[in-house]
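Single-structure report; data block below.
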Amino acid sequence: MNKEPKRRCFCWILLFPLLIFLVSACRSSDEGNVKAPPPPPKRSSPPPPPPPPKAVEQNYHVHVIRWTGESLSIIAAWYTGDMRNWKIIAAANPEINPKRLHEGMEVRVPAQVLKTTAPLTKEYVDGFYAKSKKQPRSGTTTQDKGAEPQLFGPKD
């Protein structure tokens, strides 16, 4: 029984250096497997600059807003003949908010949809906001204010 503790101590003395050797060998073999990144390719001369983007030159008619109530749809109706072309005009003017037009703003109308270059008139703008007069419905008769209204419904 006395030899048992000495034997354990002896085994540890022999095994401990072996264990340290194995651990250090594993570490050095892991470091050897890691490959360094390849060097960047050498350039003989800098690459040529990219060509500038081709600017599509498009002709525009510039309309200056002069009347209150002008909208892109009214401008489109006047210059192109179709109110639905307001989207084309809006695309040609990305800096303009179609809901916030004011006097003095410049609106570009693309030449591809342009029908006339005559300036927009106030009468044309006012025609979109004309006050409608109430007309009697068809089938009803106008009555004098003093006369009694005609009664309708079941007869007794």
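The values are calculated or read from the model by the stated rules, or taken from the named source; none is laboratory data. Treat the numbers as computed from the prediction; the structure is a model and nothing was measured. Glycine also receives a Cβ, built like all others from the backbone with ideal geometry; neighbour counts cover every protein chain displayed.
Take the residues in the stretch 63-98 that are among the hydroxyl-bearing types (Ser, Thr, Tyr) and part of a loop (DSSP other than H, G, I, E, B); name whichever of them is surrounded by the most Cβ atoms within 10 Å (Cβ to Cβ).
Step one: filter the stretch 63-98 for residues among the hydroxyl-bearing types (Ser, Thr, Tyr), giving 68, 71, 73, 79-80.
Subset that is part of a loop (DSSP other than H, G, I, E, B): 68, 71.
On the way: Thr68: 12, Ser71: 16.
For the stretch 63-98, the residue satisfying everything is Ser71.
Any residue in the stretch 42-60 that's among the hydroxyl-bearing types (Ser, Thr, Tyr): show its pairings with residues that are modelled with pLDDT of 70 or more and surrounded by 10 or more Cβ atoms within 10 Å (Cβ to Cβ) at Cβ separation under 8 Å, as long as the two are six or more apart or on different chains.
So the pair list comes out as Tyr60/Ala92; Tyr60/Arg108; Tyr60/Val109; Tyr60/Pro110; Tyr60/Ala111.
Going by the structure shown, is Gly69 under 29 Å from the mean Cα position of the chain (by Cα), modelled with pLDDT under 95 and of a type outside the set (A, V, I, L, M)? Spell out how you get there, then give the answer.
Working: under 29 Å from the mean Cα position of the chain (by Cα): yes; modelled with pLDDT under 95: yes; of a type outside the set (A, V, I, L, M): yes.
Considered against the rule, which asks whether it is under 29 Å from the mean Cα position of the chain (by Cα), modelled with pLDDT under 95 and of a type outside the set (A, V, I, L, M), Gly69 comes out as yes.
Only one of these conditions is not met by Arg108: (1) surrounded by 11 or more Cβ atoms within 10 Å (Cβ to Cβ); (2) in a loop (DSSP other than H, G, I, E, B); (3) not aliphatic (A, V, I, L, M). Which number is it?
Failing condition for Arg108: (2).
Name the pairs whose Cβ atoms lie under 8 Å apart, with the first residue in the stretch 110-124 and farther than 17 Å from Ala92 by Cα, the second aliphatic (A, V, I, L, M) and modelled with pLDDT of 90 or more, and 6 or more positions between them or separate chains?
From the stretch 110-124, the pairs are Leu120/Ile74; Leu120/Ile75; Tyr124/Ile74.
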